[in-house]
Amino acid sequence: MTSPRATALAVCSLLACANAARTDAWRASIAAGDRAFTAGRTREAAGHFERAAGETGDARDRLEALYRAANAYDRAGEHDRSLALYDQVARASREFDRGARAVYEAARIRREHGDAHAREESDRALDTLIRTWPETGPARRAVTLRLRDLDASDPTRTRSIAWLDALLRE
């Protein structure tokens, strides 16, 4: 008869091996995606990255793979798929370093490829990004994008100044 300690050790060893295999599979899929992306095969790269997302139990690794897939789909011109993945990463990534970037990229796609409603949604997302992650690069780009749009619609810059004043008051 085996002791409970020996059984527990065996179970832990099996779980560690299974986790290592998933990690190896994740790394292999990420590497394949990176090679395809670098070679300009962006749709193929996106597929590898999406596969990697399913090959890990680690939430951070999964979100990184989904972010990379979104980027690859965006480069391939598949904006609807890209947007869905960026939104998924943004919803799950409040503390993950790709969260702010995913919000920005989703807003950018809505601006470039959406209708007036999508543009309004983009403005709201950019404003939220600026307030939620003010110290990040994506927030700085969001400020620039919002000011550029406001300046284009109002050469006197009255709207830009009012928007900045409201932002500072918060």
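The values are calculated or read from the model by the stated rules, or taken from the named source; none is laboratory data. In this text, all values refer to a predicted model and were calculated from it rather than measured experimentally. When we count neighbours, we look across all protein chains shown, and the Cβ atoms used for this are built from the backbone with ideal geometry, even at glycine. Only protein heavy atoms, including side chains, enter the accessible area calculation; ligands, DNA and RNA are left aside. Shrake-Rupley method; radii C 1.70, N 1.55, O 1.52, S 1.80 Å.
Residues are listed down the side, and each one gets a yes or a no for (1) surrounded by fewer than 16 Cβ atoms within 10 Å (Cβ to Cβ); (2) of a type outside the set (S, T, N, Q):
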| position | (1), (2) |
| --- | --- |
| ASN71 | no, no |
| ARG81 | no, yes |
| ASP97 | yes, yes |
| ARG110 | no, yes |
| ASP127 | no, yes |
| PRO134 | yes, yes |
| GLY137 | yes, yes |
| LEU145 | no, yes |
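Of the set (1) in contact with a Ser or Thr (Cβ under 8 Å, 6 or more places away or on another chain); (2) open to solvent by 40 Å² or more (accessible area, probe 1.4 Å), all apply to ASP24 but (1). Taken over region 93-129, the criterion of being under 20 Å from ASP61 (Cα atoms), among the small types (Gly, Ala, Ser) and outside any helix (DSSP H, G or I) is satisfied by SER93 alone. One residue stands out among those in region 61-92 that are outside any helix (DSSP H, G or I) and not charged (D, E, K, R): the one that is farthest from ARG111 (Cα to Cα), which is ALA76. Just one of (1) farther than 27 Å from THR144 by Cβ; (2) touching a helix residue (DSSP H, G or I) at 6+ places or on another chain (Cβ under 8 Å) fails for ALA125. It is (1).
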